[in-house]
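To keep things clear, I will list the structure first and then write my remarks on it.
The values are calculated or read from the model by the stated rules, or taken from the named source; none is laboratory data. None of these values were measured; they are calculated from a predicted model. Note that each Cβ is placed from the backbone with ideal geometry, even for glycine, and that neighbours are counted across all protein chains shown.
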Amino acid sequence: MKLTDISNDINEWFNGSGPLADIVISSRIRLARNIAGHKFLSHCSNTEKSEILKKLRDVLMPLDLGDKIFYISVDKAPTLSRHFLVERHLISRHHAFGKGPRGVVIARKEFFTAMINEEDHLRLQVLKAGCQLSQCFEQINNIDNMIEQKVDFAFSPRYGYLTACPTNLGTGVRVSVMLHLPALKMTGQIDKFFNAARDMSLAVRGLFGEGTEAASDLYQISNQVTLGISELDIISQFENTIIPEIVEYENAARNQLLSKQTDILDDKISRAMALLQNAHLISSQEALFLLSHLRLGINMHKYMGASTPAIEKLYTLCGTPKDTDKTGRLSIATINRLFMLTLPAHLQLNYGKSLDSTHRDALRAKIIRSALNQDTQQKS
């Protein structure tokens, strides 16, 4: 299987569906595991890393996941392919540009990946659209059990699963939710979100994880405590307390925009529409932020029944996700597709060769113009 088989469209967990999908983009559960009898990777030779890689690949590839799976040798993959895998959230940046033998096993529908020789011997992850943490955990727990029938993981009766980083010690579980929070940003309340997250011992990162900025008002929040608390307790805390509170904050900010700051809201949406429909050069960062404003407008109409001049104009371009398949009209799925497919590595992989920044900006603008103007052209 080639990466171009998946690069022309978005994956299922990014399609704008699922519970609370207007604010919660996706849910992810990740497990960190190490094989008993082997050193942590920081103390392994390349020979031992190769042994670990082969052992885990042989265990993972025959797994029955209800979907086709394929393997990529990350250390041998071209640089552009590695950038693509990071953009796609299939591997981490650390895994893409680390050292030594390493690989990734990926489900064709991209709901599951297994990074081999990242920071730990094995990093499993399951992703779903919207707020579906319990469903993610049920699936990854079943996969973890299947693997553990064939390989012994490093485990301490006192400390739980042993991991390279002490912050993952214990359950080895990381719960992560990707959120779209443009209204908190527009109303100047995003710092309150950061402070609240810090008070709840949560990590807040950008679109591509650790060390990245919050492009397009997308934020990833995850737990930092894995020792002394069960997986189910962590998930329950997220589902019943953390996510509902953040969703409430964002909805309150959206209501504030509608009731007290309509001019700000309409200006953001109108400028985004005008620039995206007419620009001939647009950077990745600018495109993400402008598309974020369109996504906000569409969701406010869909979930809140909001009506302002800019939202009404935007809505005339919108179809439902079902209509999109038939007409290509604008929807949340379309916006999410543009988020992903206009990222630098996606652009170049789909174009068939590397491009300098100016050519990428021109191609990105062309793709966005085509998507946003298509319905207008059909009506004219």
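Would you check which residues across region 173-198 are in contact with a Lys or Arg (Cβ under 6 Å, 6 or more places away or on another chain) and in a loop (DSSP other than H, G, I, E, B) and list them? Correct list: empty.
Please determine, by comparing only the residues of region 144-162 that are in a loop (DSSP other than H, G, I, E, B) and modelled with pLDDT of 95 or more, which one is nearest to the chain's Cα centre (by Cα). Steps first, answer last, please.
The initial filter retains those residues of region 144-162 that are in a loop (DSSP other than H, G, I, E, B), namely 149-152, 154, 157-159, 162.
After this cut, where a residue has to be modelled with pLDDT of 95 or more as well, the list is 149-152, 154, 162.
Details: 149: 30, 150: 30, 151: 29, 152: 30, 154: 29, 162: 26 Å.
Within region 144-162, the match that is nearest to the chain's Cα centre (by Cα) is 162.
Within region 344-358, residues that are at negative phi sit with their Cβ atoms under 6 Å from residues that are of a type in the set (Ser, Thr, Tyr) and assigned to a helix (DSSP H, G or I), at 6+ positions apart or across chains, in these pairs: 344/284. All of 59, 74 fail the test of being in the same structural domain as residue 134 (by TED's automatic domain parsing), without any contact (Cβ under 8 Å) to a residue 60 or more places away in the chain and touching a helix residue (DSSP H, G or I) at 6+ places or on another chain (Cβ under 7 Å), apart from 74. Residue 218 meets the conditions (1) closer than 30 Å to residue 362 by Cβ; (2) surrounded by 15 or more Cβ atoms within 10 Å (Cβ to Cβ); (3) outside the structural domain of residue 191 (by TED's automatic domain parsing) in every case but one. The failed one is (3). Mind checking whether some residue in region 131-143 is at pLDDT 95 or above and not in a helix (DSSP H, G or I)? Yes, region 131-143 has at least one match.
If the condition is being surrounded by fewer than 21 Cβ atoms within 10 Å (Cβ to Cβ) and assigned to a loop (DSSP other than H, G, I, E, B), then region 340-370 contributes 352, 353, 354, 355, 356. Search region 267-279 for residues that are assigned by TED's automatic domain parsing to the domain that holds residue 290 and pair each with any residue that is surrounded by fewer than 19 Cβ atoms within 10 Å (Cβ to Cβ) and among the polar types (S, T, N, Q) when their beta-carbon atoms are under 8 Å apart and the residues are at least 6 apart or on different chains. What qualifies is 277/373.
Within region 227-241, being touching a strand residue (DSSP E or B) at 6+ places or on another chain (Cβ under 7 Å) and touching a residue at least 60 places away in the same chain (Cβ under 8 Å) holds for 227, 231, 234, 235, 238.
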